[in-house]
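The values are calculated or read from the model by the stated rules, or taken from the named source; none is laboratory data. None of these values were measured; they are calculated from a predicted model. Heads up, the Cβs are rebuilt from the backbone with ideal geometry, glycines too, and the neighbour counts pull from every protein chain shown. The accessibility values were calculated without ligands, DNA or RNA, using every heavy atom of the protein model including side chains. Shrake-Rupley method; radii C 1.70, N 1.55, O 1.52, S 1.80 Å.
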Protein chains: 2
Amino acid sequence: VFEVWHSDLAARIGRLQTPHGVVETPAFVPVVHPVRQTVSTQFLKKMGFDLVITNAYITLCHYGDEARRRGIHDIINFDGSVMTDSGGYQVLEYGSVKVEPETMAQFENDIKSDIPIPLDRPTGYGLEYEKAKEYVAITLKNALESLRVINDNTGAIWVAPVQGAEHFDLVEYSARELDTMGFEMMALGSPVELMEAYEFAMLARMIVSAKRVIPAKPIHLFGAGHPLTIPLAIALGCDTFDSASYMLYAKDNRYMTPNGTIRLDELSYLSCQCPVCSSHTVQELHKMETDMRTIEIAKHNLHILKAEVEAVKQAIMDGRLWEYVMQKARAHPKLMEAAQIFKDVEMLEEGTPLFKEKAIFFYDPIDQHRPEAKRFRRMVTTFQSSKMKKKKKLILCPEDEIHPFYSTTSYKDIVKKFPDAQVCSYSPFLGIIPAEISDIFPASHNLATKSDHKLEDYPTFVESLKSFADKFEKILIIAPDDFMRQAAKATRLNAHLVDDISAL
Amino acid sequence: VFEVWHSDLAARIGRLQTPHGVVETPAFVPVVHPVRQTVSTQFLKKMGFDLVITNAYITLCHYGDEARRRGIHDIINFDGSVMTDSGGYQVLEYGSVKVEPETMAQFENDIKSDIPIPLDRPTGYGLEYEKAKEYVAITLKNALESLRVINDNTGAIWVAPVQGAEHFDLVEYSARELDTMGFEMMALGSPVELMEAYEFAMLARMIVSAKRVIPAKPIHLFGAGHPLTIPLAIALGCDTFDSASYMLYAKDNRYMTPNGTIRLDELSYLSCQCPVCSSHTVQELHKMETDMRTIEIAKHNLHILKAEVEAVKQAIMDGRLWEYVMQKARAHPKLMEAAQIFKDVEMLEEGTPLFKEKAIFFYDPIDQHRPEAKRFRRMVTTFQSSKMKKKKKLILCPEDEIHPFYSTTSYKDIVKKFPDAQVCSYSPFLGIIPAEISDIFPASHNLATKSDHKLEDYPTFVESLKSFADKFEKILIIAPDDFMRQAAKATRLNAHLVDDISAL
């Protein structure tokens, strides 16, 4: 059903096989209204959206048996893959829907949905714990009942709705139960309100809670149509995400940009080069009839969403998703707060390739927590415990412009003078770098900003230095900069500091 | 000739009046080859480029009198404004050109160039000081000789070539001399090599050196066609910049992105939505005939350059150019190094509006050096020296979610208890905020990342606290966080710390 082709952090480029074709993920899934869709599904298909989502509940209410006869693809005039939501959103908006889970599941089966979702009971955001727990229980019960009518021979991918929102233990519990029931794909509920409140950090933690439990199966994120949250959601492991935002924002004259949305009347320039923007001026958009303008802005918004997903996919291929997410984080302080949690999310390491073709970039203290840096520091610990038993003297030497360190003349000079010493260079981001493994990624494959790094900002460096230096009897530090001087002091190293190797 | 309509940092949105129309700046100026132009000037015009640059020296060699008769607009088939370079680039590439400065100036006059540039002697990058000084002298002499033949009645804007490159005193000297000669516009020489070497910090310092001397006149930057340098150059005050990069990169199969360039064979996804990219796949680009592909990539590159300029212009209108530059700086460590110089460039304050409609964002320690923050801290100093003579007690209180601080209940409670005290809130980015002026921009109009700010990273805060607290006999600090505790310690404040106002 789902194959992963590339990955970086928890993000992956994959292929989802549905009865109507292959969908490359990560994918933005436009919401299509089964009755009143204004941007045609043909346009969506032509833009490259191979998967759309529509509402089975509205389809049932409006078309009934006609939909059973014609099938959902004919109803919405789309020959790609179709995901169907089943009224959960209506429950969230209006309190309840007049249909049983089994009826709904049977209907989704009958209309030949490629990726059907059982009727869930969304927790939304801000629901008290006991109530949320109750909703989770209802959703689980619905899912189980839906399973009874599911026909395994259709090839449809049934998606389990994971609820719980900001109650992360409920999210985990939900995910675990649904996983056990055997669903092949999960959908994370109700982030719309989290996103509208710019609670991106909470959204991130919610995704992590679910993803930890179900690392392998594809994950859909409901209602995630804000350009700001796309890189975050993908980097944390979401594979598909739907939204009607392109249309809702358009109706509100909100124009998407790579950094968020802007009201049309605040817009002076069209920096976008999409077919809409390259054939109109801001003034022309203003002068259009409302309906026409809404459609044009909606189309533009779709281009922005698509571009964002493609940019993230390219970043995955480049091995620069971390850089991309951290750059995007500067679009809003709340997004930056969300990006901070990347420091501690261990699962980001699993998807991050062991070797990357392109150099990685180090800018800020947060970059010391990149999976590549964590992994390198761990490798150094292993190296030390296995390869250096006999050495008693440690020599620390600043990094050279030339990589790897063992190929530099300064290294060779030192080794000539001290053949029995363990020679290392170091980096605020990577910690201690033993010369012998200075060619291992990313020790030789990084580019760091040269600036006055402050020791206080690099606790991993202090830790790395302390534990490495611990085993040596004599320590010699060559040409220490302020950073190294402070580090030696902070770790109470009994070290000898010299400005120049030639002085020895 | 040049009117400024909006500004932010040293950037400005302006209008340049030439004999062939108005050019809105900042503007990217595509290089057009007078003989072998492959992307048609009609296409450039249609894309919205109102100003192009072409080479008068090549035009002279190839067309001679025919060009004098037909005029440059007819020769290149472009009815917008035309800037003409005069062989300086050929001097840089081939060592010398066979023409006198006066002949060249006369020719540019004859072909009705809208924005002609006298024959200069580019210093390039890496030239030793004495040689650079000589070249600057030659350029100044050429400029003076050119002035003799300049016909003031044509309305043409003669541009003075500022040379000197990394020898900043020569840049300043050049700029000052040319300014005195009466040129209405300046052009900064030879950053191509700086940019190819990713020496963005040096490029930035070169621009600052010239801009300081000529703050008002429009400034052109030669050969600045890398998408990474556009925000930097505009933010530091460059109004126009030309390049043939769109074509040169295309010939080399290099595809521009908002974050740089990427080789076509490294490209897996087209995240761009421009007319080229939204009508082709990567595979289709690969399969095209070379000439066809070059043109398509060149067109795409032009869209990226245009989009970048428009995005910067929108950021100027939004008052968020600082945010934009700092975000863009995360595209490459070398660009980040260049952005560091923004801390100390005083002239950025002049163009930054006193009030902005949108909140500004504070993310990182560098943001304490934003012009708005510097200005606020200065205002606090003035406020203190003029308004608070009689108060003996200072009360410091953390910022509330609600702005301005004087409208909060915590402020009102304090004032009730201590009517004679000076009450202030504070921010790592803005320093001390006296309640009375807590509604002044940006004290109430900012959004800051909530994270563990480290005192060491905020020297301006320490300075602000020290100088403000200095005049008081008694200091009370309410509900101090770690940051404030450390600050009180670092400044040796003789302060009383309490957890809660109600305890008093």
Which of the residues belonging to region B:345-354 are among the acidic types (Asp, Glu) and either at the interface with chain A (Cβ under 9 Å from one of its Cβ atoms) or open to solvent by less than 30 Å² (accessible area, probe 1.4 Å) (or both)?
B:Glu349
Could you tell me whether region A:34-41 includes any residue that is modelled with pLDDT of 95 or more, of a type in the set (Gly, Ala, Ser) and under 24 Å from A:Thr294 (Cβ atoms)?
yes
Of B:Pro419, B:Pro459, which residue is open to solvent by 40 Å² or more (accessible area, probe 1.4 Å), within 13 Å of chain A (Cβ to nearest Cβ) and farther than 25 Å from A:Leu335 by Cβ?
B:Pro459
Taking the condition in contact with a His (Cβ under 7 Å, 6 or more places away or on another chain) and crowded, with 24+ Cβ neighbours inside 10 Å, does B:Ser245 pass?
yes
Filter region B:371-408 for residues that are free of Cβ contacts under 8 Å to residues at least 12 places away in the same chain and within 23 Å of B:Leu497 (Cβ to Cβ); which is least open to solvent (accessible area, probe 1.4 Å)?
B:Thr408
What are the residues in region B:471-484 that are surrounded by fewer than 20 Cβ atoms within 10 Å (Cβ to Cβ) and under 38 Å from the mean Cα position of the chain (by Cα), if any?
B:Asp481, B:Asp482, B:Phe483
Does region B:490-504 contain at least one residue that is under 27 Å from A:Met336 (Cα atoms), in contact (Cβ under 8 Å) with a residue 40 or more places away in the chain and crowded, with 16+ Cβ neighbours inside 10 Å?
no
Inside region B:29-59, the number of residues satisfying the requirement of being of a type outside the set (Lys, Arg), within 14 Å of another protein chain (Cβ to nearest Cβ) and out of contact with any strand residue (DSSP E or B) (no Cβ under 6 Å at 6 or more places or on another chain) is 3
Checking A:Arg12 against (1) farther than 16 Å from A:Pro215 by Cα; (2) at pLDDT 95 or above, only one condition comes out false. Which one?
(1)
State which residue is surrounded by the fewest Cβ atoms within 10 Å (Cβ to Cβ) when the search covers only region B:161-183 and only residues that are within 24 Å of B:Asp110 (Cα to Cα) and more than 21 Å from the chain's Cα centre (by Cα).
B:Gly182
Positions within region A:467-490 being away from every other protein chain (no Cβ under 14 Å) and not aliphatic (A, V, I, L, M), in sequence order:
A:Ser467, A:Phe468, A:Asp470, A:Lys471, A:Phe472, A:Glu473, A:Lys474, A:Pro480, A:Asp481, A:Arg485, A:Lys489
Could you check region B:85-160 for helices (runs of 4 or more DSSP H) lying wholly inside it with 3 or more residues that are among the aliphatic types (A, V, I, L, M), open to solvent by 30 Å² or more (accessible area, probe 1.4 Å) and farther than 19 Å from B:Phe241 by Cβ?
B:129-149
For region B:449-478, which positions are under 15 Å from B:Asp367 (Cβ atoms) and either modelled with pLDDT under 95 or not hydrophobic (A, V, I, L, M, F, W, C) (or both)?
B:Thr449, B:Lys450, B:Ser451, B:His453, B:Lys454, B:Asp457, B:Tyr458, B:Pro459, B:Thr460, B:Ser464
Spot the failing condition for B:Glu357; the list is (1) within 10 Å of chain A (Cβ to nearest Cβ); (2) modelled with pLDDT of 95 or more, and only one is missed.
(2)
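Residue by residue, here is whether (1) at pLDDT below 95; (2) open to solvent by 10 Å² or more (accessible area, probe 1.4 Å); (3) more than 28 Å from A:Met336 (Cβ to Cβ) holds:
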{"residue": "A:Thr240", "(1), (2), (3)": "no, no, no"}
{"residue": "A:Arg254", "(1), (2), (3)": "no, yes, no"}
{"residue": "A:Gly260", "(1), (2), (3)": "yes, no, no"}
{"residue": "A:Ser271", "(1), (2), (3)": "yes, yes, no"}
{"residue": "A:Thr294", "(1), (2), (3)": "no, yes, yes"}
{"residue": "A:Asn301", "(1), (2), (3)": "no, no, no"}
{"residue": "A:Lys306", "(1), (2), (3)": "no, yes, no"}
{"residue": "A:Val312", "(1), (2), (3)": "no, no, no"}
{"residue": "A:Asp318", "(1), (2), (3)": "no, yes, no"}
What about B:Phe342, is it within 14 Å of another protein chain (Cβ to nearest Cβ), modelled with pLDDT of 95 or more and open to solvent by 10 Å² or more (accessible area, probe 1.4 Å)?
no
Among the numbered criteria (1) surrounded by fewer than 22 Cβ atoms within 10 Å (Cβ to Cβ); (2) within 14 Å of chain A (Cβ to nearest Cβ), which one does B:Met336 miss?
(1)
Pick from region A:306-320, criterion over 9 Å from B:Ser271 (Cα atoms) and in a helix (DSSP H, G or I), ranking: nearest to the other protein chains (Cβ to nearest Cβ)
A:Met317
May I ask you to verify whether A:Pro26 is surrounded by 18 or more Cβ atoms within 10 Å (Cβ to Cβ) and within 14 Å of chain B (Cβ to nearest Cβ)?
yes
Count of region B:277-309 residues which are over 13 Å from the mean Cα position of the chain (by Cα) and closer than 21 Å to B:Val29 by Cβ:
13
Among B:Gln327, B:Gln368, which is the only one that is on the phi < 0 side of the Ramachandran plot, at the interface with chain A (Cβ under 10 Å from one of its Cβ atoms) and either surrounded by 17 or more Cβ atoms within 10 Å (Cβ to Cβ) or in contact (Cβ under 8 Å) with a residue 24 or more places away in the chain (or both)?
B:Gln327
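Table: residues versus (1) closer than 20 Å to B:Asp120 by Cβ; (2) in a helix (DSSP H, G or I).
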site: B:Phe183; (1), (2): yes, no
site: B:Ala187; (1), (2): yes, no
site: B:Val192; (1), (2): yes, yes
site: B:Ala216; (1), (2): no, no
Looking only at residues in region B:429-445 that are modelled with pLDDT of 95 or more and within 14 Å of another protein chain (Cβ to nearest Cβ), which one is nearest to A:Arg330 (Cα to Cα)?
B:Phe429
Please tell me if B:Ser190 is among the small types (Gly, Ala, Ser), modelled with pLDDT under 95, open to solvent by less than 50 Å² (accessible area, probe 1.4 Å) and within 24 Å of B:Thr25 (Cα to Cα).
yes
Here is a list: A:Val39, A:Val35, A:Val31. Which entry is hydrophobic (A, V, I, L, M, F, W, C) and open to solvent by 50 Å² or more (accessible area, probe 1.4 Å)?
A:Val35
Looking at A:Ser464, A:Ser425, A:Ser451 in this structure, which one is more than 25 Å from B:Glu456 (Cα to Cα) and either away from chain B (no Cβ under 14 Å) or without any contact (Cβ under 8 Å) to a residue 40 or more places away in the chain (or both)?
A:Ser425
